[in-house]
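Only one structure is covered here, and it is reproduced in the block below.
The values are calculated or read from the model by the stated rules, or taken from the named source; none is laboratory data. Owing to the predicted nature of the structure, the values given are computational and were not obtained by experimental measurement. Heads up, the Cβs are rebuilt from the backbone with ideal geometry, glycines too, and the neighbour counts pull from every protein chain shown.
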Amino acid sequence: MQVGFIGLGNMGIGMAANLLKAGHDVTVYNRTASKADALLKQGAKQAARVADACQGDAVLTMVADDLALENVALGDDGILRHLGKHEIHISLSTVSVAISQRLTRAHAERGQRFVAAPVFGRPEAAAAGKLFIVAAGEDDALDACVPLFEAMGQKTFRFGRNPGDANLVKVSGNFLITCVIESLAEVMALVGKAGLEPRQYLDFLTSTLFAAPVYKTYGAMIVEKKFEPAGFTAPLGLKDNRLVIAAAEALRVPMPLASLVHDRFLALLAQGGESLDWSAISQLAARDAGEPNKEV
């Protein structure tokens with residue numbers, strides 16, 4: 001397929017590379033043009049403007065937040081104005097249900113198709129083509145996207161015709177990840193203060209009760225205090241937390257744990273954790289337990 005790819009951050013660059021490896025014709029755009037250099041060597045074409053990335057069968061966006069997506073999609077030089085009729089905008093970003101609903105309506109009014117397909121996985125999974133993709137949109141649009149999804153991920157889960165539903169699944173999933181981080185942090189503070197060896201305790205957990213990748217990945221980061229370089233920064237974690245709270249508020253669903261995690265992120269950022277991985281909120285539980293040398 002001939003596609004455009006907008007947004008070459010930690011995740012996007014690996015995803016675009018896998019599209020190239022699968023034989024797709026890829027034109028890339030990023031505000032910092034130099035981030036495309038490695039992809040150009042692999043055969044990508046570079047777009048000077050967002051509009052130049054909208055000349056194929058589909059355009060994929062992997063940007064940081066609602067504002068960035070709004071700018072590239074709805075701006076004067078944006079996707080909405082330059083994507084061809086019947087072509088597809090695939091939003092891979094973690095954004096709000098509200099912006100997804102807005103884009104669904106806007107694209108439909110111009111005879112274009114919109115698919116929300118946020119992904120689960122860290123940058124290393126993006127580079128390896130091992131992401132899990134949650135997709136929603138009209139059936140014909142989803143069917144057309146299958147070759148792209150297969151190039152970027154190991155499995156795609158389809159959640160119906162309403163693109164916003166995929167975004168709800170994504171923000172709810174990220175909320176659960178933060179709950180895993182917080183609960184691991186609290187029990188690590190508990191057993192650590194009691195004098196148990198944290199690595200041994202983690203090996204027990206991930207070999208028995210919680211033998212899941214999310215516990216293994218984030219448990220190891222907590223034990224090793226490996227929060228830099230960040231695969232997913234703390235400000236992005238706070239952003240995603242706000243998105244799930246907004247969705248819950250719209251549906252009038254109380255989520256007390258989301259409020260707790262929100263305060264954890266605020267505390268981390270207040271103490272200078274802007275550049276740290278979002279899993280660094282784990283250090284706050286150890287600090288609260290009075291463990292020495294637990295400055296964030």
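Within region 37-64, the set of residues being more than 20 Å from the chain's Cα centre (by Cα) and either within 15 Å of ALA17 (Cα to Cα) or not assigned by TED's automatic domain parsing to the domain that holds ALA135 (or both) comprises ASP37, ALA38, LEU39, LEU40, LYS41, GLN42, GLY43, ALA44, LYS45, GLN46. Only one of the listed residues (ALA230, ALA258) is in contact with a strand residue (DSSP E or B) (Cβ under 6 Å, 6 or more places away or on another chain) and within 22 Å of SER93 (Cα to Cα). That residue is ALA230.
Restricting attention to region 213-242 and to residues that are of a type in the set (Val, Ile, Thr) and without any contact (Cβ under 8 Å) to a residue 40 or more places away in the chain, the residue that is farthest from GLU274 (Cα to Cα) turns out to be VAL214. When PHE265 is tested against (1) farther than 22 Å from VAL169 by Cα; (2) touching a Gly at 6+ places or on another chain (Cβ under 8 Å); (3) surrounded by 20 or more Cβ atoms within 10 Å (Cβ to Cβ), only condition (1) is not met.
Criterion applied to ARG158, ARG199 was being of a type outside the set (Gly, Ala, Ser), in contact with an Asp or Glu (Cβ under 9 Å, 6 or more places away or on another chain) and within 18 Å of VAL97 (Cβ to Cβ), and the one residue passing it is ARG158.
Test PHE204 against the stated conditions and say whether it is part of a helix (DSSP H, G or I) and of a type in the set (Phe, Trp, Tyr). Here the answer is yes, as PHE204 does meet what is asked. Among the residues of region 94-130, those that are touching a strand residue (DSSP E or B) at 6+ places or on another chain (Cβ under 6 Å), closer than 23 Å to ALA22 by Cβ and of a type outside the set (Val, Ile, Thr) comprise ARG113, PHE114, ALA116, ALA117, PRO118, PHE120, GLY121, ALA125, LYS130. When THR104, THR27, THR94 are screened for being at pLDDT 95 or above, part of a helix (DSSP H, G or I), surrounded by 18 or more Cβ atoms within 10 Å (Cβ to Cβ) and not aliphatic (A, V, I, L, M), only THR104 passes.
One residue stands out among those in region 65-87 that are surrounded by 15 or more Cβ atoms within 10 Å (Cβ to Cβ) and part of a loop (DSSP other than H, G, I, E, B): the one that is nearest to the chain's Cα centre (by Cα), which is ASP65.
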